[in-house]
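One structure is given below, encoded as structure tokens.
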Amino acid sequence: MKKRKTGTDSTSRRTFIKQGAIASSLFIVPRHVLGGPGFLAPSDQLVLAAIGAGGKGRSDIRNASVNGRERVAALCDVDFSGSAKASVETFPDAKRYHDYREMLDKEKDIDAVTISTPDHVHAPAAVYAMQRGVHVYVQKPMTHNIREARLLTEMARTNKIVSQMGNQGGSNPLLDMVQEWVNSGKLGEISKVQIWTNRPVWPQGFAMPEPTPSEKPEDLYWNLWLGPAEYMDYTPKLHPFNWRGWWDFGTGALGDVGCHLIDIPFRTLGLKYPKDAECSVGAMYTQMWNAEYHPEGCPPSSFITLHFDATEKSKSPIEMTWSDGGIRPAHPEIIPADHDIGGSNSANGVLIIGDKGIISTNINDSSPLMPKLYLKDGTTEFGPEVEENEEPEYGHHRKWVDACKAGFGSKEHKALTSSFDYAGPMTETVLMGNLAIRSYMLRRENSDGRMEFFGRKKLIWDGDNMKITNLEEANQFVTRTYREGWEV
């Protein structure tokens, strides 16, 4: 589909926004004098819309509006009877839609959208917006699968879209402290990273519940909620949150917090695509010797290992391990036994391990980062445990809005911490863990009539070409099958 052509009025307004700094210098009387303190002319405002207005979408569009500085013209949600009602109350003048395609086709003045849907709709919605020249803020994980992440990264660059993924911790200024510890060489040779989480904290690891069409809420547009997924009758409790544990819609614990946790070492060590991936997963038994087998859903727990080549920031190869389901690494000898590792109660965290010491941090969302440096010579350095944030979510949304107004390639755009040029490769790394998990569950009948699991091996990854080179069957998980009308 061709990029949308805008009318004269819309083009003039957008040009004015991008050239605002130049134009403002020509006014003899300051604009704030003409309109009062805080006045912003309509032509200066970014016109915003939300795709997914409830749940996280509620705060995303509110934060993107910058306390009403920008204009929210439209809200799209498949169910306005739930938490999306709060967005309607906040933006009562915004037009309401259930189908983002209809919204983007009708609302020609939209400059930028926040996309805060379940994971499986991120890419279809972002592609539809970017094809029309609309800037995008996409919640983490950026996409549902690796191919989509590569597609969005390349499309944003080609279509000159200002993009940002919603891993707001990437804008936390305390990351500069972690970066300085890495850059200064205090850790010595860094060789290992350990990451863990208490997720999943939603139902996961069992068979998909039976559909119950009669229980569908009257105001829920179920077919639109399914989007690119294969059609199935309404199944209770998937909407609004429990979809996370099912591969058709969600991306499990990795998709939920991987872009917050893996982001820290990926960013500070300057990592690229992993070279390989392998995993093991927790099993559930309801009868002797026969583990439950539910490949349609994420497992109750997993342990994943990724290897990375040395980079400019990490002079030696890196081994990264990930564990979820509440399984965490052993407490390092160098860290006092009564100190938490990672965050509070050691529930989530990252350890960056060198031959001279360890960096410990919490999850990188809106929780306190709590960076701590422990060196083998007894030196310690701790960041604050309580953060004082002047803006919601470290200004992650506002900085994207400012970059949209400044334009593609502007200094504001280049300063974004999670534009797709960075967020795309990082998301691909997160989703490599899920590719390994799904490959681990592959099985077939052998010559003895028994089921054998043939994907339980180290998978060799050609990142540039998005291909597993030693198990062809694993490559089906690089992408997905799309329902007709929702292809990307």
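The values are calculated or read from the model by the stated rules, or taken from the named source; none is laboratory data. Quick caveat, the model's predicted, so the values are computed rather than measured. Reconstructed Cβ throughout: ideal geometry from the backbone, glycine too, with neighbour counts over all protein chains shown.
Apart from one condition, Glu472 fits all of (1) in the same structural domain as Ile115 (by TED's automatic domain parsing); (2) surrounded by fewer than 17 Cβ atoms within 10 Å (Cβ to Cβ); (3) at negative phi; the exception is (1). Can you say whether Ser302 is within 26 Å of Thr380 (Cβ to Cβ), surrounded by 15 or more Cβ atoms within 10 Å (Cβ to Cβ) and not aliphatic (A, V, I, L, M), as far as the supplied structure shows? No.
Screening the stretch 203-240 for residues that are among the charged types (D, E, K, R) and within 14 Å of Asp79 (Cα to Cα) and picking the one that is farthest from the chain's Cα centre (by Cα) gives Glu218. In this structure, Glu189 does not qualify as more than 19 Å from His260 (Cα to Cα), surrounded by fewer than 24 Cβ atoms within 10 Å (Cβ to Cβ) and not assigned by TED's automatic domain parsing to the domain that holds Gly424. The residues of the stretch 447-483 that are at pLDDT 95 or above and small (Gly, Ala, Ser), listed by number, are Gly455, Gly463, Ala474. Listed by first and then second residue, the pairs with beta-carbon distance under 6 Å, at least 6 apart or on different chains, first residue in the stretch 202-229 and at negative phi and outside any helix (DSSP H, G or I), second polar (S, T, N, Q) and exposed (fewer than 14 other Cβ atoms within 10 Å of the Cβ), are Asp219/Ser81.
Let's see how each residue does on (1) surrounded by 18 or more Cβ atoms within 10 Å (Cβ to Cβ); (2) assigned to a loop (DSSP other than H, G, I, E, B):
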position	(1), (2)
Pro336	no, yes
His339	no, yes
Val350	yes, no
Ile359	yes, no
Asn364	yes, yes
Gly378	no, yes
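Could you name every one of the strands (runs of 3 or more DSSP E) located completely within the stretch 272-329 that has at least 2 residues being among the aromatic types (Phe, Trp, Tyr) and under 22 Å from the mean Cα position of the chain (by Cα)? Counting at least 2 such residues, we get 302-308. Return yes or no: is Met155 within 22 Å of the chain's Cα centre (by Cα) and free of Cβ contacts under 8 Å to residues at least 40 places away in the same chain? Against the criterion (within 22 Å of the chain's Cα centre (by Cα) and free of Cβ contacts under 8 Å to residues at least 40 places away in the same chain), Met155 qualifies. Of note, Ser65 does not satisfy the criterion of being at pLDDT below 95, assigned by TED's automatic domain parsing to the domain that holds Tyr137 and surrounded by fewer than 24 Cβ atoms within 10 Å (Cβ to Cβ).
Table: residues versus (1) touching a Phe, Trp or Tyr at 6+ places or on another chain (Cβ under 7 Å); (2) not assigned by TED's automatic domain parsing to the domain that holds Ser59.
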position	(1), (2)
Trp400	yes, no
Phe408	no, no
Val430	no, yes
Leu435	yes, yes
Leu442	yes, yes
Ile468	yes, yes
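Determine if the stretch 395-402 includes at least one residue that is hydrophobic (A, V, I, L, M, F, W, C), assigned to a helix (DSSP H, G or I) and either touching a residue at least 24 places away in the same chain (Cβ under 8 Å) or in contact with a Ser or Thr (Cβ under 7 Å, 6 or more places away or on another chain) (or both). Scanning the stretch 395-402 turns up at least one residue that is hydrophobic (A, V, I, L, M, F, W, C), assigned to a helix (DSSP H, G or I) and either touching a residue at least 24 places away in the same chain (Cβ under 8 Å) or in contact with a Ser or Thr (Cβ under 7 Å, 6 or more places away or on another chain) (or both). Might you let me know whether the stretch 81-91 holds any residue that is assigned to a loop (DSSP other than H, G, I, E, B), in contact with a Leu (Cβ under 6 Å, 6 or more places away or on another chain) and farther than 27 Å from Asn475 by Cα? Checked the stretch 81-91: no residue is assigned to a loop (DSSP other than H, G, I, E, B), in contact with a Leu (Cβ under 6 Å, 6 or more places away or on another chain) and farther than 27 Å from Asn475 by Cα. Do the conditions hold for His122, that is, is it surrounded by 19 or more Cβ atoms within 10 Å (Cβ to Cβ), outside the structural domain of Ser314 (by TED's automatic domain parsing), under 18 Å from the mean Cα position of the chain (by Cα) and part of a helix (DSSP H, G or I)? Yes; evaluated as a whole, the condition is true for this residue. When Ala229 is tested against the conditions (1) hydrophobic (A, V, I, L, M, F, W, C); (2) crowded, with 17+ Cβ neighbours inside 10 Å; (3) touching a Phe, Trp or Tyr at 6+ places or on another chain (Cβ under 7 Å); (4) over 21 Å from Arg483 (Cα atoms), the lone failure is (4). Being in contact (Cβ under 8 Å) with a residue 60 or more places away in the chain and assigned by TED's automatic domain parsing to the domain that holds Thr251 holds for only one residue in Ala330, Ala283, Ala310, Ala277, and it is Ala277. Every test in (1) part of a loop (DSSP other than H, G, I, E, B); (2) touching a strand residue (DSSP E or B) at 6+ places or on another chain (Cβ under 9 Å) is passed by Pro265 save one, and that test is (1). Candidates Ile195, Ile262: the one that is over 22 Å from Ser116 (Cα atoms) and either in contact (Cβ under 8 Å) with a residue 40 or more places away in the chain or touching an Asp or Glu at 6+ places or on another chain (Cβ under 9 Å) (or both) is Ile195.
Among the hydrophobic types (A, V, I, L, M, F, W, C), in contact with a His (Cβ under 9 Å, 6 or more places away or on another chain) and surrounded by fewer than 21 Cβ atoms within 10 Å (Cβ to Cβ): is that true of Leu220 in this structure? Judged against the criteria, Leu220 is a match.
Looking only at the stretch 236-249, residues that are assigned to a loop (DSSP other than H, G, I, E, B) and closer than 25 Å to Glu102 by Cβ come to 5 in all. Only a single item in (1) part of a strand (DSSP E or B); (2) crowded, with 16+ Cβ neighbours inside 10 Å is not met by Glu452, and it is number (2). Confirm whether Arg157 is outside the structural domain of Gly297 (by TED's automatic domain parsing) and under 23 Å from Glu312 (Cβ atoms). Yes, satisfied.
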